[in-house]
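The values are calculated or read from the model by the stated rules, or taken from the named source; none is laboratory data. On a predicted model such as this, the values are computed, not experimentally measured, just so you know. With ideal geometry, Cβ positions are generated from the backbone for all residues, glycine too; neighbour counts draw on all protein chains shown. Keep in mind that these areas ignore ligands, DNA and RNA; they rest on the heavy atoms of the full protein, side chains included. Shrake-Rupley method; radii C 1.70, N 1.55, O 1.52, S 1.80 Å.
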Amino acid sequence: MAAKSEVAEFKAYLTNDDGTVKVRALNANKEQFDEIHKNMEEYKWVEGDFLLASYQKNGTHFMWEIMTMLLRGSAEYIRSPKEACMIDLFPLKKTDAVFPSPRVLNTHYRLDVLPKEFRGRKTVLVVRNPKDTSVSAYHHEKNIHSVLKKDYQELTFSQYLKSFMEDKARFYGRYFDYIEYMWSLKDDPNMLVIFFEDLILDPVANIQKVNEFMGTQRSPELVEEIASATTFSKMKEGKTSKLVDHSKLNEHMNSFSDKPTNMAKISEQMYRKGKIGDWKNHLTVAENEMFDEFLAKWPLSKEIKFTFV
């Protein structure tokens, strides 16, 4: 994985092995980027761990909770923050103190820009339809930036949608480029693809798929308990800031925020609606027609059967 940075507004990139793919990194200053990047490069995979991959706002928190419950053999909510297992955000050398193995590491990066140590591992990929992804990502970025940045200039949804569809320089790159690459790995025996919408519509059957893939061999009763505990409304209530210790995460995040970080407040905003079809409340008729025209020309539309409503 190669990396390079630009000075003015700090920008860092991860690239694939031959340099043909460049994805903007999440990190906001050079010190933080260097620490996280160095940790990734030096990391040695721990057998028994799992990797959760998804584009942002595709159900990462949802699936991470499910996978970690399966690992621990309990439907109790996890009291440490998922972000401490997020290799994009939290230095891996600090992860052990919060989450010793076995654990579920998670990333929004496409796997070809990560070091080879992270490729070919037992990985669950969660995919959500692009219309709902655009809406959820809009609200997520608006909420996060309002907490982390003093001078945040809020975009309208229409402005944001144009960036979502076209801007390859976005953090993590475009949704469509991410899905194109990750979908190419779908037949790898170490990859399980789960659709966000399927998890909402039939949680027991899809959690059982994850249970079988991970080899956790949890009972049908526990799978049902996990399905019940991870409904959106219960997750939103159960994962409150009072129940999760964000102290180590706050300390790290303060290193690159321009105002004091309250990860508890940010975490509360992670759970907005979790619904299928909320795009209908945001896209105008013209924007939806534009989206449909784009999808009609996108090769994977014929292969991936998205659920939009």
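Answer yes or no as to whether Leu155 is at pLDDT below 95 and in contact with an Asp or Glu (Cβ under 8 Å, 6 or more places away or on another chain). Outline the logic, then answer.
Details: at pLDDT below 95: yes; in contact with an Asp or Glu (Cβ under 8 Å, 6 or more places away or on another chain): no.
So Leu155 does not fit the description; no.
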For region 198-229 the number of residues that are touching a helix residue (DSSP H, G or I) at 6+ places or on another chain (Cβ under 7 Å) and within 17 Å of Arg128 (Cα to Cα) is 6
Within region 90-129, the count of residues that are open to solvent by less than 10 Å² (accessible area, probe 1.4 Å) and within 18 Å of His61 (Cα to Cα) comes to 15
Discussion item. Looking at region 102-112, can you tell me whether even one residue there is under 18 Å from Tyr181 (Cα atoms) and of a type in the set (Ser, Thr, Tyr)?
Written reply: yes
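Being under 19 Å from the mean Cα position of the chain (by Cα), at pLDDT 75 or above, open to solvent by 50 Å² or more (accessible area, probe 1.4 Å) and among the charged types (D, E, K, R) narrows it down to one of Lys302, Lys275, so name that one. So that I can check it myself, show each step before the final result.
Working: Lys302 fails: under 19 Å from the mean Cα position of the chain (by Cα).
Unique residue meeting the criteria: Lys275.
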Ala286 vs (1) of a type in the set (Gly, Ala, Ser); (2) in contact with a helix residue (DSSP H, G or I) (Cβ under 9 Å, 6 or more places away or on another chain); (3) at pLDDT 95 or above: all pass except (2)
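For region 68-89, how many residues meet the condition of being in a loop (DSSP other than H, G, I, E, B), within 19 Å of Ala25 (Cα to Cα) and open to solvent by less than 10 Å² (accessible area, probe 1.4 Å)? Even if it seems obvious, please write down each step before you answer.
First, pick out the residues of region 68-89 that are in a loop (DSSP other than H, G, I, E, B): 73-81, 87-89.
Next, only the ones that are within 19 Å of Ala25 (Cα to Cα) stay: 87-89.
Imposing the further condition that a residue be open to solvent by less than 10 Å² (accessible area, probe 1.4 Å) reduces the set to 87-88.
Residues flagged as in a loop (DSSP other than H, G, I, E, B), within 19 Å of Ala25 (Cα to Cα) and open to solvent by less than 10 Å² (accessible area, probe 1.4 Å) within region 68-89 amount to 2.
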Output for Cβ contacts, cut-off 6 Å, separation at least six or different chains, first residue over 18 Å from Met182 (Cα atoms) in region 10-39, second charged (D, E, K, R) and part of a loop (DSSP other than H, G, I, E, B), reads Leu26/Asp88
Selection over region 161-182 where residues are modelled with pLDDT of 95 or more, part of a helix (DSSP H, G or I) and open to solvent by less than 50 Å² (accessible area, probe 1.4 Å) yields a count of 9
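Which residues, counting only those in region 188-216, are free of Cβ contacts under 8 Å to residues at least 24 places away in the same chain and open to solvent by less than 30 Å² (accessible area, probe 1.4 Å)? Can you show your working first?
Kept after step one, since they are free of Cβ contacts under 8 Å to residues at least 24 places away in the same chain, are these residues of region 188-216: 189, 202, 204-206, 208-209, 212, 215.
Once the filter is applied, which keeps residues that are free of Cβ contacts under 8 Å to residues at least 24 places away in the same chain and open to solvent by less than 30 Å² (accessible area, probe 1.4 Å), region 188-216 yields only Asn206.
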